[in-house]
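Colleague: Could you have a look at this structure, given as structure tokens, before my questions?
The values are calculated or read from the model by the stated rules, or taken from the named source; none is laboratory data. The shown structure was predicted, so the numbers you read here are calculated from the model rather than taken from an experiment. Glycine also receives a Cβ, built like all others from the backbone with ideal geometry; neighbour counts cover every protein chain displayed. Heavy atoms of the whole protein, side chains included, go into the accessibility calculation; ligands, DNA and RNA do not. Shrake-Rupley method; radii C 1.70, N 1.55, O 1.52, S 1.80 Å.
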Amino acid sequence: MAARDLREWIALLEREGELRRIAAEVDPHLEITEIVDRVVREGGPALLFERPKGSQHALLINQFGTERRMCLAFGVQKLDDIAARLSEVLEMQPPEGIAAKVRGLKTLKSIADSRPDTVKKGPSQEIVLRGDDVDLGLLPVQTCWPGDAAPFITLPAVITHDPRNGTRNVGMYRMQVLGKNTTAMHWQIHKDGRADYLFSDGKLEVAVALGLDPITAYTASAPLPKHIDELMLAGFLRGKPVELVKGVSVDIEVPAHAEIVLEGYVERGDLTEEGPFGDHTGYYTAAEPFPVFHVTAMTMRRDAIYPSIVVGKPPQEDAWLGKATERIFLPAVKVTVPEIVDYDLPVAGAFHNLVIVSIRKSFPGQALKVMHAIWGLGMLSLTKGIVVVDEHVDVHDYAQVMFYVGANVDPKRDVVLSEGPLDHLDHAPAVQFVGGKIGIDATAKLPEEGGREWPEEIEMSAEVKALVDRRWAEYGL
Ligand SMILES: Cc1cc2nc3c(=O)[nH]c(=O)nc-3n(C[C@H](O)[C@H](O)[C@H](O)COP(=O)(O)O)c2cc1C
Ligand SMILES: [Mn+2]
């Protein structure tokens, strides 16, 4: 059963030996980062800092830092099992026979039950601070890296509504603390929250939830199309709806079981210099103007636990949020580009720098088709480099991929240079936001593509393999 809130999740982590409590006083200014950096790299546990210096609130970090914890969060054995449930929905066909109809109805019901539920009261509003009482200084917000401009809230679920049609959006966008009741709102240009802000006619209400059950927190980072509510996906993946209550100062429903909620607004033209911030690119992103978020109310549970995450040179904790997205979105990618067998976004490539994709190739030029499809597909369109391999290649085995890139590629023929939009944070292109793309076609070439006959790959025969299996003990190896 999916955790209802952060506390059930912490209890589960503790039962599973996946959480360590730190009783010593530790400084959220840099010190926590250095501790977490070491623990993450060793595949260590989630950490609950019970006494962050200068705050009454405990700080949870590294909740997502390993594949095992990610699977625990979703209640699955492996991340691909989540994708399997989504495939069921995406690949629904008119059912034939009673059994298929019943299965179909169950699938439809699971979609119908995904919508959030509105409830009257929620623990996220046990404590209500308004006006002058709002004080972000109460929270143990981390200054992650020495060059960071200020403390940054790093694991928020930012909720807005599209002013045109009211559809909800939830996104994870870091928030630089500017003062006791203001932060910056780091909506990059390709993001849905930014679009809601630009569609507003001046003022946009915003609510920020901190400290959620892990599935709902994850969905804030999921690259869904603009019109799809992330809380629907959360409800679907949790197998039960997210519960919401009315905000106390804004016309936005907020998670009833959050640890902390910040309510407020942004206004057109009210900008601040945001950054620098040590980012998941492995570099500091330079200061740029972003909207100011004014906090009109801060609500909390009693003894609220503050959630945080550190990003930086990969690998960091966010690697597993990214891998979850890679696995969960594969079925949706395949709906649009059906020849795709599998793909891998290497953690070291910070997710937007490189995609390795395997395809079932049946016509000349198909690898190029797939590259261009990826460069046109949602957030994958920001991908800088794409390597295409044949279906039998394991895209997660980088040595194998490198072998085919070396063996199958004539750089003159098989390297495509293109152009397109790039990640907001990419510092490499000469102009921000647009630049070059590289595609490498490492598939075996068809006669129409290569001109020459493609040689056969070396492989031992099945009979000899079976023989050696049978006789293995005799060899004394
Ligand atoms: C830890 C973490 C921090 C992130 N910080 C930002 C950020 O500051 N700004 C941003 O635009 N996206 C950030 N992202 C990526 C967005 O959360 C992601 O693109 C998400 O899909 C945005 O939601 P949207 O598609 O509804 O806009 C972050 C992701 C993670 C996992
Ligand atoms: Mn969205």
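Colleague: In segment 148-159, is there at least one residue being within 16 Å of ligand 1 (Cβ to nearest atom), farther than 24 Å from Ile309 by Cα, under 23 Å from the mean Cα position of the chain (by Cα) and acidic (Asp, Glu)?
Modeller: no
Colleague: Please tell me if Val158 is open to solvent by less than 10 Å² (accessible area, probe 1.4 Å) and within 14 Å of ligand 2 (Cβ to nearest atom). I'd like the intermediate steps shown before the answer.
Modeller: Working: open to solvent by less than 10 Å² (accessible area, probe 1.4 Å): yes; within 14 Å of ligand 2 (Cβ to nearest atom): yes.
For Val158, the condition - open to solvent by less than 10 Å² (accessible area, probe 1.4 Å) and within 14 Å of ligand 2 (Cβ to nearest atom) - is met.
Colleague: Return a yes/no flag: does segment 245-264 have any residue that is closer than 26 Å to Leu425 by Cα, in contact with an Asp or Glu (Cβ under 6 Å, 6 or more places away or on another chain) and more than 15 Å from ligand 2 (Cβ to nearest atom).
Modeller: no
Colleague: Inside segment 222-283, counting only strands (runs of 3 or more DSSP E) that do not spill past its ends, which hold 3 or more residues that are open to solvent by 20 Å² or more (accessible area, probe 1.4 Å)? Full working, then the answer.
Modeller: Values: elements: 243-246, 253-255, 260-267, 271-274.
Because the criterion is at least 3 residues that are open to solvent by 20 Å² or more (accessible area, probe 1.4 Å), the strands (runs of 3 or more DSSP E) in segment 222-283 that meet it are 271-274.
Colleague: Can you name the residue in segment 309-337 that is among the charged types (D, E, K, R) and closer than 20 Å to Leu60 by Cα and, of all such residues, is least open to solvent (accessible area, probe 1.4 Å)? Working first, answer last.
Modeller: Pass one, segment 309-337, residues among the charged types (D, E, K, R): 313, 317-318, 323, 326-327, 334.
Among the residues that remain, those that are also closer than 20 Å to Leu60 by Cα are: 317-318.
On the way: Glu317: 1, Asp318: 34 Å².
Once the filter is applied, the top-ranked residue is Glu317.
Colleague: Please count how many residues of segment 206-221 are in a loop (DSSP other than H, G, I, E, B) and within 9 Å of ligand 1 (Cβ to nearest atom). Even if it seems obvious, please write down each step before you answer.
Modeller: Within segment 206-221, the first condition is being in a loop (DSSP other than H, G, I, E, B), and the residues that meet it are 211-213, 220-221.
Those left that are additionally within 9 Å of ligand 1 (Cβ to nearest atom): 220-221.
Result for segment 206-221: 2.
Colleague: Can you find even one residue in segment 177-196 that is over 22 Å from Leu6 (Cα atoms), of a type in the set (Asp, Glu), open to solvent by 10 Å² or more (accessible area, probe 1.4 Å) and within 14 Å of ligand 2 (Cβ to nearest atom)?
Modeller: Just the residues of segment 177-196 that are over 22 Å from Leu6 (Cα atoms), to begin with: 177-196.
Keeping just the survivors that are of a type in the set (Asp, Glu) gives 192, 196.
If we keep only those that are open to solvent by 10 Å² or more (accessible area, probe 1.4 Å) too, we end up with 192.
Imposing the further condition that a residue be within 14 Å of ligand 2 (Cβ to nearest atom) reduces the set to 192.
Taking every residue of segment 177-196 in turn, at least one turns out to be over 22 Å from Leu6 (Cα atoms), of a type in the set (Asp, Glu), open to solvent by 10 Å² or more (accessible area, probe 1.4 Å) and within 14 Å of ligand 2 (Cβ to nearest atom).
Colleague: Within segment 57-66, track down each residue that is touching a Gly at 6+ places or on another chain (Cβ under 8 Å) and not in a loop (DSSP other than H, G, I, E, B).
Modeller: The initial filter retains those residues of segment 57-66 that are touching a Gly at 6+ places or on another chain (Cβ under 8 Å), namely 60, 62, 65-66.
Residue satisfying the conditions is Leu60 alone.
Colleague: Checking Arg238 against (1) more than 16 Å from ligand 2 (Cβ to nearest atom); (2) more than 22 Å from Trp320 (Cα to Cα), which test does it fail?
Modeller: (2)
Colleague: Filter segment 427-455 for residues that are within 30 Å of Phe277 (Cα to Cα) and buried (at least 20 other Cβ atoms within 10 Å of the Cβ) and give the result. Reasoning before the result, please.
Modeller: Within segment 427-455, the subset within 30 Å of Phe277 (Cα to Cα) is 427-438.
Listed by number, the list holds a single entry, Lys437.
Colleague: Related question: Taking segment 89-114, which residues are surrounded by 10 or more Cβ atoms within 10 Å (Cβ to Cβ), touching a helix residue (DSSP H, G or I) at 6+ places or on another chain (Cβ under 9 Å) and under 20 Å from Ala332 (Cα atoms)?
Modeller: Val89, Leu90, Glu91, Met92, Thr107, Leu108, Ser110, Ile111, Ser114
Colleague: Moving on. Taking segment 425-459 on its own, how many of its residues are without any contact (Cβ under 8 Å) to a residue 12 or more places away in the chain and touching a Leu at 6+ places or on another chain (Cβ under 6 Å)?
Modeller: Final tally of qualifying residues: 1.
Colleague: Is it the case that segment 344-358 has a residue that's closer than 21 Å to Leu86 by Cα and either open to solvent by 10 Å² or more (accessible area, probe 1.4 Å) or free of Cβ contacts under 8 Å to residues at least 24 places away in the same chain (or both)? Steps first, answer last, please.
Modeller: Here is the first cut: in segment 344-358, the ones closer than 21 Å to Leu86 by Cα are 344-345, 357-358.
Going one step further and asking which of them are either open to solvent by 10 Å² or more (accessible area, probe 1.4 Å) or free of Cβ contacts under 8 Å to residues at least 24 places away in the same chain (or both), we end up with 345.
Yes, the conditions are met somewhere in segment 344-358.
Colleague: Looking only at segment 197-221, filter to residues that are among the aromatic types (Phe, Trp, Tyr) and closer than 25 Å to Ala297 by Cβ; which one of those is most open to solvent (accessible area, probe 1.4 Å)? Before you say what the answer is, go through the steps one by one.
Modeller: As a first pass, look at segment 197-221 and keep what is among the aromatic types (Phe, Trp, Tyr): 197, 199, 218.
Narrowing further to those that are closer than 25 Å to Ala297 by Cβ: 197, 199.
On the way: Tyr197: 15, Phe199: 97 Å².
Per the stated criteria, the residue is Phe199.
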